[in-house]
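These notes concern the structure reproduced below.
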Amino acid sequence: MISEEQFNILCFQGESNCVDYKRAQYAFQGASDAQKAELLKDILCFANAFRRSTAYILIGVDKDVSGLGVIHGIDDNEVIDDAQLQQFINSKTNKRIPFSAYPLRMNSGKILQVIEIDTCVRGRPKNVLDFTKRLVSCVKRHVARADINAAVLECVEKKVKALCN
C-alpha cells in the first residue's frame, strides 16, 4: 500500500507507463462482464507491459492541462472490494496477475482507490481470448499474402463483434 505522500508524488509526476489516472470509478458493482471490460483491459495492459516498477491506476484523479494529477475523490460506496476484483480479473486470464486494490483515505477527507499492479516475472499474463493465436489461424485459413491486411481487419472485426454480443 502506498502512503498519501507517495500518492501525491505519483500525481505530481503525471501519467506514464506505470501510472494511469481515472476521474471516475470503473463500472463494476452490478455491471455485466462487457461493462467491466475497460477495467480488465487497463489491468491487463499494465500486467503485460515490460516495466521494472509497480504500476498504479489511481481512481478519483484527473489530469489538468499540464498533465499533472488533480485529486477529486470518489464516494465511499464506489470502492471496489479487492477480493471481488481479484476473482473477476483472474477468472479472465490464463495466469494469475499479481495486483491489489484498496481505498486510500486522504487527510483532506477525500477517498481514492488505488489498483497496484506488480511486475510479472514469470511471463506475461494473457487474456483468455488469445487474439494473436486466433488471428494467425484465421489468416492462415483464409488469406493469400497480398490480402493479409484486409483479412486481418475483417477477422478482428468478427472477433470484436462476437465479444460484444
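Structure values in brief
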| quantity | calculated |
| --- | --- |
| Residue identified as closer than 20 Å to Pro98 by Cβ and part of a strand (DSSP E or B) among Ile43, Ile57 | Ile57 |
| Qualifying residue in segment 83-95 (condition: surrounded by 14 or more Cβ atoms within 10 Å (Cβ to Cβ), assigned to a loop (DSSP other than H, G, I, E, B) and either within 12 Å of the chain's Cα centre (by Cα) or of a type in the set (Gly, Ala, Ser) (or both)) | no |
| Count - residues of segment 15-38 that are of a type outside the set (Gly, Ala, Ser), outside any loop (DSSP other than H, G, I, E, B) and buried (at least 16 other Cβ atoms within 10 Å of the Cβ) | 4 |
| Val70 vs. criteria outside any helix (DSSP H, G or I) and free of Cβ contacts under 8 Å to residues at least 40 places away in the same chain | no |
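Rule-based calculations on the coordinates, nothing more; no lab input. Since the structure is predicted, the reported quantities are computational estimates derived from the model, not experimental observations. With ideal geometry, Cβ positions are generated from the backbone for all residues, glycine too; neighbour counts draw on all protein chains shown.
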